[in-house]
Amino acid sequence: MGTEAERQDTRKAMAFDLITIIDENPAQETYTKEEVKKLIKVYIQTADQK
């Protein structure tokens with residue numbers, strides 16, 4: 001499973017990755033709830049691919 005510190009690092013890395021993804025499209029200033037959920041789902045699906 002990992003230590004608590006490792007889990008915290010993983011959550012921080014995920015948040016940083018999602019911020020980076022959101023910032024990749026500067027033309028889009030706002031996101032709907034559905035768009036955010038889709039970003040998270042795609043992130044999770046692609047993160048599982050190795």
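For the chain, which whole-number percentage of the solvent-accessible area (1.4 Å probe, protein heavy atoms only) is attributable to carbon and sulfur atoms? Mind showing how you got there, number by number?
On the way: 2690 of 4570 Å².
That share works out to 59 percent.
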Which ³J(HN,Hα) values in Hz, rounded to whole numbers, follow from the phi angles of the stretch 8-16 under the Karplus curve 6.51 cos²θ - 1.76 cosθ + 1.60, where θ = phi - 60° and Gly and Pro get x? 5, 4, 5, 5, 5, 5, 4, 4, 4
Can you give the Rg/Rh ratio of the chain, where Rg is from the C-alpha atoms and Rh is the Kirkwood radius? 1.04
Taking Cα atoms, how many degrees apart are the long axis of helix 33-47 and the longest axis of the chain, rounded to 10 and kept between 0 and 90? 40
Selection of GluC sites (Glu not before Pro), the stretch 20-50, meeting DSSP coil and at most 12 other Cβ within 10 Å: Glu24, Glu29
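The values are calculated or read from the model by the stated rules, or taken from the named source; none is laboratory data. Just so we're clear, the structure is a prediction, and the values are computed from it rather than from any experiment. Glycine also receives a Cβ, built like all others from the backbone with ideal geometry; neighbour counts cover every protein chain displayed. To get the accessible areas, we keep the full protein, side chains included, count just its heavy atoms, and leave off ligands, DNA and RNA. Shrake-Rupley method; radii C 1.70, N 1.55, O 1.52, S 1.80 Å.
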